[in-house]
Amino acid sequence: MRALILLLAAFASNAFAAGQAGEVLSASVRAVLQQSVSDMSSPHMVFSTEEEGIAWLSEMSKRLEKRMPDSASRIDFLKTVQYEASRAGLDPQLVLALIQVESNFNKYAVSSVGARGYMQVMPFWVSEIGTRDQDLFQLRTNLRYGCTILRYYLDVERGDLFRALGRYNGSLGQPDYPQRVASAWRGPWAYRQHFAQAR
């Protein structure tokens, strides 16, 4: 999927405006993104060994405990982050950092421009690549959209994370947002481990 999005992204026509006013997608890119957000196979953590998965989950759970006191919700959240990030070819630590900056782990956060949920996904994406029954406040849906969109922007920007994060936030070319995410990624969410890509 990742290689196909990269290939198709080269042919996408983008209309960028502050606050993510919208994306003009070619039909082929739209089809790939639609397929990505509609495939809701059962999530599972993606690690080389079960021990690595247990170690990661234990460490991340400790770091997130103050923000998410309920253990069952916290574990479900972390497993979903790890799966959706890995599926999109993203570092789960980057996704955790982005969530911290975007919503501070508030499932029901709504920005001044209408972005929703943990990853602050703009509702126009549901109209563009999803279906009406998809709820951006639902954990899995929000993370699936957020990771798919960030992967798309990384491919459009040929791997330039600074520019991809700017696009994601609607602040392309401005340093504050990418620097804040990078700081959280290198700081509280740093973790040394290799992650396999979900299939």
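Only the coordinates and a few stated rules stand behind these numbers; no lab work does. Keep in mind it's a predicted model, so treat the numbers as computed, not measured. When we count neighbours, we look across all protein chains shown, and the Cβ atoms used for this are built from the backbone with ideal geometry, even at glycine.
Listing for the model above:
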{"quantity": "Relative exposure of Lys107, Lys62, judged by other C-beta atoms within 10 Å (fewest first)", "calculated": "Lys62, Lys107"}
{"quantity": "Footprinting exposure proxy for Glu50, Glu157, Glu65 (fewest neighbouring C-beta atoms within 10 Å first)", "calculated": "Glu50, Glu65, Glu157"}
{"quantity": "His44-Phe124 FRET efficiency (beta carbon distance; Förster radius 22 Å; 0.05 resolution)", "calculated": "0.15"}
{"quantity": "Amide H contacts of Val121 (H built 1.01 Å from N, under 5 Å, at least 5 apart or other chain)", "calculated": "Arg116"}
{"quantity": "Relative contact order [Cα under 8 Å, 6+ residues apart], segment 70-199, whole percent", "calculated": "28"}
{"quantity": "Burial ordering of Arg167, Arg132, Arg158, fewest other beta-carbon atoms within 10 Å first", "calculated": "Arg132, Arg158, Arg167"}
{"quantity": "Stretch gain in nm, segment Lys62-Asn106, where the contour uses 0.36 nm per residue and the Cα spacing is subtracted", "calculated": "14.1 nm"}
{"quantity": "In Hz, Karplus ³J(HN,Hα) per residue of segment 127-135 (6.51, -1.76, 1.60; θ = phi - 60°; x = Gly, Pro)", "calculated": "5, 6, 10, x, 10, 4, 7, 7, 9"}
